[in-house]
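**Q** Take a look at the following structure, please.
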Amino acid sequence: MIDAGGHRGRGLAKTIDWSLVICWLVLVLIGWANIYASIHAAESGSIFEFGSRSGMQAIWIGTSVIIAVLILFVIPPRLYEGLSLPIYLIVIGLLVAVIFLGIEVKGSHSWFAFGPVRFQPAEISKIATSLMLATVMSQLGYKIGRLKDFVLTAAIIVLPMMIIVLQSETGSALVYVGFIFMLYREGLSGWLIFMIGMAILTFILTLTQSPFVAVLVLLGVASLCICLYSGRFKWWLIICVPAIALLSFIPDIFTAIAQAQIGSEAVEAIEAARAEGTAAEMDIPFIMKVRPLYVLLAVIGIATPFVAFHAFRERNTFTHLAIISLLAGIVLVFSTDFLFNDVLQDHQRKRIEVLLGMKEDPAGVGYNVNQSKIAIGSGGLFGKGYLHGTQTTYGFVPEQSTDFIFCTIGEEWGFAGSAFVILLYVFLIWRIIHDAERSREGFTRIYGYCVACCIFMHLFINIGMTIGLMPVIGIPLPFISYGGSSLWAFTAMLFIFIALDRNERKYF
Amino acid sequence: MKFNRKNKLIIGLCTAAAILIAKLFSIQILDDSYKMDARNNTMVYSTIYPTRGVIHDRYGNILVGNKVAYDLMVTPREVEEFDTLTFCEVLDVTPEFVREKMQEYRRNRRRIGWQTVVMIKQLPPETYMRFAEVAYKFPGFRGLPRSIREYPFNAGGNLLGYVSEVDANYLAKHPDEYKSGDYAGKTGIEAAREKELRGEKGYNIWLRNSRNRIESRYRDGEMDKEAIPGDDITTTIDAELQHYGQMLMANKVGSLVAIEPSTGEILTMVSSPGIDVEMLADIGQHYSEISSNPYKPMFNRAVQAPYPPGSVFKLVNGLIGLQEGVLTPNTMYPCSMGYHFGKNKLGCHAHKSPINFEESIMMSCNAYYCYILRNILENGDYGSIDEAMDKWNEYVKSFGFGQKLGSDFPSELGGFIPDSKYYNKVYGKGGWRATTVISLSIGQGEIGCTPLHLANLCATIANRGFYYIPHIVKDSENVEIDPKYKERHYTMVDTTHFPKVVGGMYRAVNSGFGSGGTASIAAVEGLDICGKTGTAQNPHGHDHSVFICFAPKDDPKIAVAAYVENGGFGATWAAPIASLLTEMYLTREISDKRKPLEDRILNGDLMDRVKVR
């Protein structure tokens, strides 16, 4: 076997990671079979029928094989590192161009149309970003802890993300958040992931519980971190826990006092008026004017300078950072309303409301999720059998060959089939990470982690959405969902990694 | 195993996968409520169709309401052998029909699968009740109530439009929004306001047991969706006036449009002959009958027919003349039975001479307007006749002519106003002069405008210089109208020039018989009607009879345009029709003095005169 570089290396069979290729093939075939299952009731043709979705998917699969072969045998893997910058810039150009030149599909300008062929640049921008990240981060002397390097890395990720958000494809942009796991592997402080997790928790608590609860939880977590860091866990148990427990009774105590003063009916009336925003004209007793949240903030405001001063004397920067984070968290609590009501678009807000159970809406936004849960739930342990699903074949699940393809799998193959598919993905991701770690070149390792992160984000968001764990975010299930540009992009992404991996193994 | 970052990430991956699998386990294995055995239980979705929004007239009377009818649905796979005779008897159908249908279902059984299809549409409630009593004998068949349209007033067939089942073409144009079996508004207000009127479908989910019986609600109806009724629409139409207008236009071909000048609201819009509302309710049955009618009742003449406006258009030329300064209200011109240029002559009728501007309107002198148009086109301020012509075109268009006015009525057409480019194409550059196009002066020649344009012109004059875009939907609680309908549109002619025209129109109607005023027949005591007649020459037969009028002169409440094809002089048919409508609107009755005139109009039949092409 002669590779494109002309060097003679070890044989093909020994250098390609066949487990990845087989895994890819199995996923693609599962997708094809299930696309046919999801449409066969409406269009009763054969699985190859041209023009039907399964027939089209056969074409996409065929072309994907060509892409895979080109990447493995024709394109020299060494090119990627050098070409990553031009590729990245071209893709960014395409992303911007599609906003103006693209056609509108379901309210977002993210598709180019060339006659019957449609193509979404956001799909390939994941590859371009991954290559770019791998190039930059594998440079000699790169240190993620250094501000300059970190900012550059963040910019590479955030730039395509922002443009994709401008295309109203917030779901696709969310995938880029997954790169944080790769950054973690490459030395980013784990605290950043922790902070992001806390920010999401704070956001959810503020929306579903109340700002008071959110601030209380923040206070608890911050104090725990400070105590753990300085090895005073006992202090935390003895002092902080009782203090926070006491604080948590403030709202009840205030309400009790107010009820004693003016009676419980009047209190309820005022609260109802507040909810409607008409309380301004009412005669409100002093105890109800003082919000529990402000009392809590006052307590924090008094306590923090002491803690900060103490930390200053001990030269304890961690405590300072923790306090700053706490304050940032409180700012987030207060800006949640703004973020939720003014930054998010209407449909996104509704999806989150339904997910968090703030609104029951089985008819409107909840429809997709309910239908998809019914379909998957009705599958039971072993499913209803291939082509025997009742829910998905009758068209009750929307988008069932694209974003909701997992419903068909869940219904017809049951828990066994769905778990198998998930485990297959886990194996694929694990295998990519395994190969990446084995690699001697930083470029291959970082690119491999990027691939793993993208597949993971798609997997978790897509399946999480169909079973009601995530809000409805329209992104495809890699290799399985119907669609040419998504299949091509994921295939190219994976096989570039296989090619990079093979290139190294040839000589070692 | 080392506790390094790679392994931490792998642990994270496994945790995430475990969360997914655990959730799957809970909904697929633990939670029984989702589970249905494929052999025994399936869910049946029954669509709940929303009631369509009601269409009101301007006073809240119902123009279009709803009544219940039943569709007989069948799930072919569930049908067992049944007693065809009883079936046919209760449902009033022939055995052949049933046999044919059942064969069709057999042929398409793969495509239909377990789906439910419509067998008989829109059964009246009485018929369906007969069936319901014996329905237990016919598994697989059931009735689906849906609301169909009902028309309490016989008014505005063309205006309201019809609702019918969506066809493949319509489905292709509106993917995701409709499913076959849905109904949608296809013409008129029903089409224009489809989004508001249609409402939102809902569904019930039922569980079917192994004997194909519907057993219970799925999850106690928790997953059901209520249908949301469509929003009601309030139109600007005056139902009684519309009905009266239709009676006046009966057995005549043409159009009658009335607008409230102070708002642009269309009070009445008649296109004759039109579609009877009785036919609208069941358009499918009558469709071929309507479309084969030689008088084309589907063709809405009020907004689609490009007619020559005739002498009514003199008002526009007069106003342009005043604005351009080529004419003053006191300019006198002679008329000797017409306007003579070279060997040619554009004829006129006998009246006194010379006359001033107001008198020219009152007596509708042709020669006077030939002078005006010549002055406009040969104005030395412009470099060439091309420029002058285009200026004239610009003026005319500022009255709304030659373009769609932008009303909320679908399928409005724009008509045509010529410009220099057009004449250069016809006659060659430099191959035409003012006298070549002299018939434009009296609204003949290459001008095409719809009755809606004429009514709008009348409203513009009534308002002394501006118009609101005519529209048929009023603001109401759930339905907002485009703010453009609340904007004044000024013409390029100063408002100061309009009172002179109004004066002429007033004198045309109210000078009494024998004075030379052309529209004395339209006069109604106390109503101060101002009007202008038109007699549009028509190469295909009798002249068209045209009339526009508004009243009262100060503070106008209604502006009307009547266009009667092949009606002869404007004063013969159009003027009485328009003035009767005006009188009816303002006083809600016809005075005794004018009863004979009303009789003549109501009984007049001009259908023989209209050549059917």
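Values in this text are rule-based calculations from the coordinates and carry no lab data. Only a predicted model underlies this, so the values are computations on that prediction, with no experimental measurement involved. Cβ: placed from backbone, ideal geometry, glycine included. Neighbour counts: every protein chain shown.
**Q** Quick one: if the Förster radius is 41 Å, what FRET efficiency do residue B:591 and residue B:540 give, using the C-beta to C-beta distance and rounding to 0.05? Display every interim value, and only then the final one.
**A** On the way: r = 37 Å, r/R0 = 0.90.
That pair, residue B:591 with residue B:540, gives E of 0.65.
**Q** Would you kindly work out the equivalent ellipsoid of chain A from its C-alpha gyration tensor and give its semi-axes, the square roots of five times the eigenvalues, largest first in whole Å?
**A** Working: eigenvalues 442, 200, 81 Å².
Each semi-axis is the square root of five times an eigenvalue, giving 47, 32, 20 Å.
**Q** Would you please name the GluC sites (Glu not before Pro) within the stretch B:488-587 that are DSSP coil residues with at most 14 other C-beta atoms within 10 Å of their C-beta?
**A** Details: sites: B:525, B:565, B:583; in loops: B:525, B:565.
Qualifying residues, ordered by number: B:525.
**Q** Listing A:338, A:194 from the residue with the fewest other Cβ atoms within 10 Å to the one with the most, what is the order?
**A** Listing A:338, A:194 from fewest to most nearby Cβ atoms yields A:338, A:194.
**Q** Ok, one more. Add -39500 (n - 2.57) for each DSSP H run of 4 or more in chain B, then divide by its residues: what number comes out at 222 nm, to the nearest 500 deg cm²/dmol? Show your work: numbers first, answer last.
**A** Values: 22 runs with 206 residues, N = 613.
The helix contribution divided over chain B gives -9500 deg cm²/dmol.
**Q** Helix A:211-229 against the longest principal axis of chain A: what's the angle in degrees, Cα atoms only, rounded to the nearest 10?
**A** Orientation of helix A:211-229: about 80 degrees from the principal axis.
**Q** Putting +1 on Lys and Arg Cβ atoms and -1 on Asp and Glu Cβ atoms, find which of B:169, B:346, B:483 reaches farthest to the positive end of the dipole of chain B.
**A** Highest projection toward the positive end goes to B:169.
**Q** Most exposed first by the Cβ proxy, i.e. fewest other Cβ within 10 Å, how do B:14, B:348, A:240, B:458 rank? Show your work: numbers first, answer last.
**A** Details: B:14 13, B:348 21, A:240 18, B:458 31.
In order of increasing Cβ crowding within 10 Å: B:14, A:240, B:348, B:458.
**Q** So, one more: Under a crude label model (7 Å from the Cα following the beta-carbon direction), how far is residue A:298 from residue A:265 in nanometres?
**A** 3.2
**Q** If you line up the long axis of helix B:574-587 against the longest principal axis of chain B, both from Cα atoms, how many degrees apart are they, to the nearest 10?
**A** 70
**Q** I need B:243, B:56 ordered by Cβ neighbour count within 10 Å, fewest first. Present the calculation step by step, with values, prior to reporting the outcome.
**A** Details: B:243 16, B:56 20.
Neighbour counts put them in this order, fewest first: B:243, B:56.
**Q** Right, next: Mind listing the long-range amide H neighbours of residue B:233? Cut-off is under 5 Å, sequence gap 5 or more, other chains count too, H placed in the peptide plane at 1.01 Å from N.
**A** Under 5 Å from the amide H of residue B:233 lie the amide H atoms of B:54, B:55, B:56, each far enough along the sequence or on another chain.
**Q** Give me the net charge of residue B:320's neighbourhood, meaning all other residues with Cβ under 15 Å from the Cβ of residue B:320; Lys, Arg count +1, Asp, Glu -1. Walk me through the numbers before you get to the answer.
**A** On the way: positive: B:314, B:374, B:391, B:397, B:500; negative: B:324, B:378, B:381, B:387, B:390, B:394, B:419, B:494.
Residues close to residue B:320 contribute a combined charge of -3.
**Q** Whole Å is fine, so just give me how far the alpha carbon centre of the stretch A:100-178 lies from that of the stretch B:264-343.
**A** 60
**Q** Sticking with this one: Counting just the Cα atoms, what span does the protein assembly as shown cover along each of its three principal axes? Round to the nearest Å and put the largest first.
**A** Its Cα atoms span 116, 88, 83 Å along the three principal axes.
**Q** Hey, which of these cross-link pairs are over 31 Å Cα-Cα: A:143/B:8; B:345/B:557; A:373/B:101; B:484/B:553; B:67/B:195? Working shown, then result.
**A** Values: A:143/B:8 21 Å; B:345/B:557 40 Å; A:373/B:101 37 Å; B:484/B:553 27 Å; B:67/B:195 20 Å.
Correct reply: B:345/B:557; A:373/B:101.
**Q** Dipole of the stretch B:387-516, Cα-centred, from +1 at each Lys and Arg C-beta and -1 at each Asp and Glu C-beta, to the nearest 20 debye?
**A** On the way: 14 positive and 13 negative charges, 113 e Å.
About 540 debye.
**Q** To the nearest 20 debye, what is the magnitude of the charge dipole of the stretch B:335-451 about its Cα centre, counting +1 on the Cβ of each Lys and Arg and -1 on the Cβ of each Asp and Glu?
**A** Working: 11 positive and 12 negative charges, 101 e Å.
Taking the Cα centre of the stretch B:335-451 as origin, the dipole is about 480 debye.
**Q** 7 Å from Cα along Cα→Cβ at both residue B:201 and residue B:481: what's the point-to-point distance in nm?
**A** 3.2
**Q** Report ³J(HN,Hα) in whole Hz for each residue of the stretch B:487-493, in order, from the Karplus equation J = 6.51 cos²θ - 1.76 cosθ + 1.60 where θ = phi - 60°; Gly and Pro get x.
**A** Per-residue couplings from phi come out as 9, 7, 10, 8, 7, 7, 9 Hz.
**Q** Which residues does a label at residue B:30 reach in the stretch A:465-479, if reach means a backbone N under 20 Å from a point 7 Å past the Cα toward the Cβ?
**A** Counting backbone N atoms under 20 Å from the label point, the list is A:465-471.
**Q** When N counts the residues of the stretch A:209-344, how does its alpha-carbon radius of gyration compare numerically with 2.2 N^0.38 Å, as a ratio?
**A** On the way: Rg = 17.9 Å, N = 136, 2.2 N^0.38 = 14.2 Å.
So the Cα radius of gyration is 1.26 times the expected 2.2 N^0.38 Å.
**Q** If you don't mind, there's one more thing I want to ask. Taking the mean number of other Cβ atoms within 10 Å as a proxy for protection, how do you rank B:255-262, B:419-426 from highest to lowest?
**A** Details: B:255-262: 26.5, B:419-426: 15.5.
In descending order of packing, they fall as B:255-262, B:419-426.
**Q** For the stretch A:85-96, what does the Karplus curve 6.51 cos²θ - 1.76 cosθ + 1.60, with θ = phi - 60°, yield as ³J(HN,Hα) per residue in whole Hz, taken in order and with x for Gly and Pro?
**A** Here the 3J(HN,Hα) series is 5, x, 4, 4, 5, 4, 5, 4, x, 4, 4, 6 Hz.
**Q** A follow-up question, please. If R₀ is 22 angstrom, what is the calculated FRET efficiency for the pair residue B:169 and residue B:289, using the beta carbon separation as r and rounding to 0.05?
**A** Details: r = 22 Å, r/R0 = 0.99.
So the FRET efficiency works out to roughly 0.50.
**Q** Using modelled backbone amide H atoms (1.01 Å from N, in-plane), which distant-in-sequence or interchain residues come within less than 5 Å of residue B:48's amide H?
**A** For residue B:48, whose amide H was placed from the backbone, the distant partners under 5 Å are B:202, B:203, B:204.
**Q** Quick check: residue separation of residue B:343 and residue B:67 times 0.36 nm, minus the Cα distance between them. What number comes out in nm? Intermediate results must be reported in sequence, preceding the final value.
**A** On the way: separation 276, 0.36 × 276 = 99.36 nm, distance 6.82 nm.
Roughly 92.5 nm would be gained on extension.
**Q** Once the dipole of chain B is set up with Lys and Arg at +1 and Asp and Glu at -1 on Cβ about the Cα centre, which of B:517, B:601, B:286 lies farthest towards its positive end?
**A** B:286
**Q** Counting helices only, and only those DSSP H runs with n ≥ 4, report the 222 nm mean residue ellipticity of chain A as the sum of -39,500 (n - 2.57) divided by its residues, in deg cm²/dmol to the nearest 500.
**A** Calculated at 222 nm, the ellipticity per residue is -22000 deg cm²/dmol.
**Q** What does the average come to when, for each residue of peptide A:421-433, you count the partner chain Cβ atoms lying within 10 Å of its Cβ? Let's see the in-between values first.
**A** Working: counts 0, 6, 2, 0, 3, 8, 0, 0, 6, 5, 0, 0, 5.
Rounded to a whole number, the mean comes out at 3.
**Q** Right, something else. When the gyration tensor of chain B is built from Cα positions, what are the square roots of 5 times its three eigenvalues, in whole Å, from largest to smallest? Let's see the in-between values first.
**A** Values: eigenvalues 770, 186, 91 Å².
For chain B, the semi-axes come out at 62, 30, 21 Å.
**Q** Here's a follow-up. Whole-Hz Karplus ³J(HN,Hα) for the stretch A:329-345, in order, using 6.51 cos²θ - 1.76 cosθ + 1.60 and θ = phi - 60°, x for Gly and Pro?
**A** Per residue, the Karplus-derived 3J(HN,Hα) values read x, 5, 4, 4, 4, 6, 9, 4, 4, 5, 4, 5, 8, 10, 7, 6, 7 Hz.
**Q** Shifting gears a bit: Which one of A:187, B:185, A:461 is farthest out on the positive end of the charge dipole of the protein assembly as shown, using unit charges on Cβ (Lys, Arg +1; Asp, Glu -1) and the Cα centre as origin?
**A** Farthest along the dipole direction, towards plus: A:187.
**Q** Once the piece of chain linking residue B:608 and residue B:217 is laid out straight, how much longer is it, given 0.36 nm per residue of separation minus the C-alpha distance between them?
**A** Taking 0.36 nm per residue and subtracting the Cα distance, the gain is 134.4 nm.
**Q** Also, I was wondering about something else. To the nearest 10 degrees, how steeply does helix A:292-313 sit against the main Cα axis of chain A, on a 0 to 90 scale?
**A** 80
**Q** Let me ask something else. Between residue A:272 and residue A:341, what is the label-to-label distance in nm when each label sits 7 Å out along the Cα-to-Cβ direction?
**A** 2.2
**Q** Per residue of A:376-385, count partner chain C-beta atoms within 10 Å of its C-beta, then hand back the mean as an integer.
**A** 6
**Q** If I take every Cα pair under 8 Å that is 6 or more residues apart in chain B, average their sequence separation and divide by the length, what percent do I get for the relative contact order? Write down the numbers at each step before the final one.
**A** Working: 1282 pairs, mean separation 83.0, N = 613.
Taking the mean separation of contacting Cα pairs over the length of chain B, I get 14 percent.
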